[in-house]
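The next block holds one structure in the form of structure tokens; read it before the comments.
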Amino acid sequence: MIRNTQIFVHDEVQEFHLTNAQVSYIFRVNDQGKLLHLYYGAAVADRDDFGYLVEMQRRTTAACPIDGNHSYSLEHLRQEFPEYGTSDYRMPAVSIAQGNGSRITDFKFAGYRVEAGKPALADLPASYVDSADEAQTLSIGLVDDLTGATVTLLYTIFADIPVIARSVRVTNAGTEPLDIKRLMSLSVDLPDDDYVSTQLTGSWARERSIIRHHLHPGIQQIGSLRGSASGHVHNPAIALARPDANERQGDVIGAAFVYSGNFEAHVEVDSFSVSRVQMGIADHGFTWHLEPGESFQSPEAILAFSQQGYNGMSQAFHDLVRRHVLRGPWRDKERPILINNWEATYFNFDEDKLIAIASKAKEAGVELFVLDDGWFGQRNGDTAGLGDWTPNAERLPDGMNGLAERINDMGMMFGLWFEPEMVNKDSDMYRNHPEWALNTPGRHMSQSRNQYVLNFANQEVVDNVFEQMAKVLSSANISYIKWDMNRYITEAYDASRGVKHQGEVFHRYILGMYQLNARLLEAFPDLIIEGCASGGGRFDLGMLCYSPQIWTSDDTDAVERMSIQYGTSMFYPLSSMGSHVSIVPNHQTNRVTTLTTRSNVAMFGTFGYELDLAKLSDEEFREVRHDVAFFKQYREVIHTGDFYRLLSPFESDPRDSGKMAWMVVSQDKHTAIVGDYALLQHPMSPFSRLYLQGLDSEAQYEVSVFGGASSIAGMEFSGDELMHVGMIDSDASTGSSSGEVSDANDLGESHDFDSRLFVLNAR
Ligand code: DGJ
């Protein structure tokens, strides 16, 4: 037996146990060379042989690959890399079409390797480590004798977070071409089906609502076939929790995909209550052609496990993202507070108008001015210009550098919007290269927002867009780009490749998009790329490898944002969520909320503004200055602290007006900020308390209130009291109505959508 810090290998019984102080993941090779899954969950002590976990029973009707052994059927074994057609009838992890039309394979164990650290994945973004002692990686080799195909399964366990990263590489080591039809990055067979599944589902402007259901027999699946993005509809992440789990306690498994294109994530519950969890590139329309000697690398899937409920699982993902997914200088640097002109001007701007917006923002303490859509080509609306990345001389008479210098001279950083993957028919790019737009020969080309998707599977296209962007970025001092992507793919066809490669177009598109991100960051390493896809249509771990922050939603309404940011926090940290204060009535909902509430919501994210601050009253502007100063003081806590969801807007009780609350605690537990939000006021509201989390039980915290009022302002409480007795949340200062609104009753203005922040400082 070789003992490693985190990976135990028992050669005598061919068993592998990946563990750190928090999780264990155990599987073994059986005498047929098949990988059998044994356990995934809370860390357990190692033992020489976990073979008792292989349960074999005679099942009438089972197909048995070993003649005479009626108890051995793959259908009834829990596996690591299942195949279809050799006695398992559930969804396989792999399917490879061969020259004779067969898709049967029989991959068998061929060896393993344990190494310190974590290898990079060819051409794909993936989690990484800074030093070899932060993780260990187990590679398992498999071979299919008949075709000569080989498989490498990678398992990386991180040293101090409860996370395992997995991926698969297939190599055609045979002599005939092969076509991969399906390849899951992750497949694990859990021994029962007593789980509540969580998915983040929505649409444009309503991204990532938390949807839950108990697992049921059969396949339950989410995914995307939208080509250019993981999409607004289903986020590429799921959680499986024991039914008694909640935000504070209980076992929760999370799985998230480091990928931004077509995906599927499913759980198949069989008739013996085994739950097969799989995540990978969607197989619909997918074929990857492999000539002898060629390989295909799957994207990475991340597994996290927590015994501390959903918050514990989320914190595992947040830690992973902040330490092993985000990269470059902005991983650890404080992000600038920005102002974006989109909702302030849309396409209706000239340089002086932009300067006026920027200078008012500078007065408030804002650090970065972002020029959104409309600065290039003939982009005077959304029907023209995409593809022509040269500054529009009418709007910017002194070019990009002229504007950037004026912004820089004010002491602000300058940022610029791009939509690199798109083209309008009304553009020089399309007029010169109509063949660069994705389209199937002889078919109509469907449009969306008057635009078409460029074939990023074609290297020539990626090179052209890179050169255009690099020219702009070199022409001025540009610190930030907002990388937008506003439509999904239709009539997909890669005109730059032959028939055998048409099943590759969606994945090659995503590889081209990743490559452009990587090349830009290589050429301009200090750039912040903020991801965006019609708001939050491409919010995934793949994009976070390039973008430290992603625009969370085009819906900037504070009440809507409570749900959107709450749902997003399930897998993604606050420092990744683009969040801005915008004007009222809100442009998406027409709702009016106070500036205080808009700010109190946006502060649980990257924080910025998306309006002309000159349109605010003097009093409101003073508040903005105050908010900006507050955020600067606490942004490190907000972006690096542990985040806890306290009250869900998805489950709020109508009797208590519909409440939402969350909090963040600094790593040293000295400071915490609690966001406390009400939706609609009802008369005669019940009493309520917030039971805080993550504090130092013995510390004494002084409470101050920012934005809003509370009768406990100025009081001191121990961490224990705040977590167990609770923090009083239903005092009269919240404007709770007795049902009699009259002059004698000092309710003031309506208190719908009220909010306040509590700041707790340990003495
Ligand atoms: C969609 C984005 O989500 C918006 O923020 C804005 O940048 C527009 N595109 C511009 O066209």
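The values are calculated or read from the model by the stated rules, or taken from the named source; none is laboratory data. These numbers were taken from a predicted model, which means no experiment stands behind them. Here the Cβ is made from the backbone with ideal geometry for all residues, glycine too, and neighbour counts use every protein chain on show. Just the protein is used for accessible areas: all its heavy atoms, side chains included, with ligands, DNA and RNA removed. Shrake-Rupley method; radii C 1.70, N 1.55, O 1.52, S 1.80 Å.
Quick notes on this one:
- Scan the range 1-27 for residues that are over 22 Å from residue 193 (Cα atoms) and either outside any loop (DSSP other than H, G, I, E, B) or aliphatic (A, V, I, L, M) (or both) and the total you get is 15.
- Checklist (1) within 16 Å of the ligand (Cβ to nearest atom); (2) closer than 30 Å to residue 75 by Cβ applied to residue 300, failing item: (1)
- Among the conditions (1) farther than 18 Å from residue 375 by Cα; (2) buried (at least 23 other Cβ atoms within 10 Å of the Cβ), the only one that residue 491 does not satisfy is (2).
- Of the criteria (1) within 30 Å of residue 127 (Cβ to Cβ); (2) away from the ligand (no atom under 16 Å from the Cβ); (3) surrounded by fewer than 24 Cβ atoms within 10 Å (Cβ to Cβ), which one residue 569 fails: (3)
- The range 504-559, subset in a strand (DSSP E or B) and farther than 22 Å from residue 464 by Cβ, residue farthest from the ligand (Cβ to nearest atom): 528
- When the residues of the range 444-473 are filtered to those that are more than 16 Å from the ligand (Cβ to nearest atom) and part of a loop (DSSP other than H, G, I, E, B), the one that is surrounded by the most Cβ atoms within 10 Å (Cβ to Cβ) is 455.
- Flag not set for residue 524, criterion: closer than 20 Å to residue 298 by Cβ and of a type in the set (A, V, I, L, M, F, W, C).
- Check on residue 21, small (Gly, Ala, Ser) and touching a helix residue (DSSP H, G or I) at 6+ places or on another chain (Cβ under 8 Å): no
- A single entry from 566, 572 fulfils the requirement of being part of a loop (DSSP other than H, G, I, E, B), of a type outside the set (Val, Ile, Thr) and farther than 26 Å from residue 478 by Cα: 572.
- Residue in the range 308-325 that is part of a strand (DSSP E or B), buried (at least 19 other Cβ atoms within 10 Å of the Cβ) and not β-branched (Val, Ile, Thr) present: yes
- Flag for residue 481 being of a type in the set (Val, Ile, Thr), closer than 26 Å to residue 402 by Cα and either touching a residue at least 12 places away in the same chain (Cβ under 8 Å) or within 16 Å of the ligand (Cβ to nearest atom) (or both): yes
- Within the range 379-394, being surrounded by fewer than 20 Cβ atoms within 10 Å (Cβ to Cβ) and within 15 Å of the ligand (Cβ to nearest atom) holds for 380, 381, 382, 383, 384, 392.
- The range 575-599, residues that are in a helix (DSSP H, G or I) and touching a Lys or Arg at 6+ places or on another chain (Cβ under 7 Å): 575
- Verdict on residue 650 being aromatic (Phe, Trp, Tyr) and surrounded by fewer than 24 Cβ atoms within 10 Å (Cβ to Cβ): yes
- Among the candidates 258, 252, the residue that is open to solvent by less than 10 Å² (accessible area, probe 1.4 Å) and within 28 Å of residue 533 (Cα to Cα) is uniquely 258.
- Of the residues making up the range 416-434, those that are of a type in the set (A, V, I, L, M, F, W, C) and either free of Cβ contacts under 8 Å to residues at least 12 places away in the same chain or more than 14 Å from the ligand (Cβ to nearest atom) (or both) number 2.
- Odd one out for residue 343, checked against (1) in contact (Cβ under 8 Å) with a residue 60 or more places away in the chain; (2) open to solvent by 20 Å² or more (accessible area, probe 1.4 Å); (3) on the phi < 0 side of the Ramachandran plot: (2)
- Per-region count, the range 387-409, residues in contact with a strand residue (DSSP E or B) (Cβ under 8 Å, 6 or more places away or on another chain) and not in a helix (DSSP H, G or I): 6
- Out of 229, 205, 237, 173, one residue alone is under 23 Å from residue 643 (Cβ atoms) and among the aliphatic types (A, V, I, L, M). It is 237.
- Residue count for the range 355-378 satisfying the condition of being open to solvent by less than 20 Å² (accessible area, probe 1.4 Å) and within 16 Å of the ligand (Cβ to nearest atom): 11.
- Residue 429 buried (at least 22 other Cβ atoms within 10 Å of the Cβ) and in contact with an Asp or Glu (Cβ under 8 Å, 6 or more places away or on another chain): yes
- Lone unmet requirement of (1) open to solvent by 20 Å² or more (accessible area, probe 1.4 Å); (2) in a helix (DSSP H, G or I); (3) within 16 Å of the ligand (Cβ to nearest atom) for residue 352: (3)
- Scope the range 222-243; condition open to solvent by 10 Å² or more (accessible area, probe 1.4 Å), in contact with an Asp or Glu (Cβ under 6 Å, 6 or more places away or on another chain) and over 25 Å from residue 307 (Cβ atoms); matching residues: 223, 232
- Count of the range 48-91 residues, restricted to those that are free of Cβ contacts under 8 Å to residues at least 12 places away in the same chain and under 18 Å from residue 33 (Cβ atoms), is 2.
- Within the range 474-493, one or more residues are in a helix (DSSP H, G or I) and under 19 Å from residue 520 (Cα atoms).
- Among the candidates 59, 113, 78, residue that is at pLDDT below 95 and open to solvent by 20 Å² or more (accessible area, probe 1.4 Å): 59
- Evaluation of residue 181 against (1) open to solvent by 10 Å² or more (accessible area, probe 1.4 Å); (2) under 21 Å from the mean Cα position of the chain (by Cα) (one fails), failing number: (2)
So that you can scan it fast, the table gives a plain yes or no per residue for (1) open to solvent by 30 Å² or more (accessible area, probe 1.4 Å); (2) assigned by TED's automatic domain parsing to the domain that holds residue 149; (3) without any contact (Cβ under 8 Å) to a residue 60 or more places away in the chain:
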| residue | (1), (2), (3) |
| --- | --- |
| 192 | yes, yes, no |
| 245 | no, yes, no |
| 271 | yes, yes, yes |
| 297 | no, yes, no |
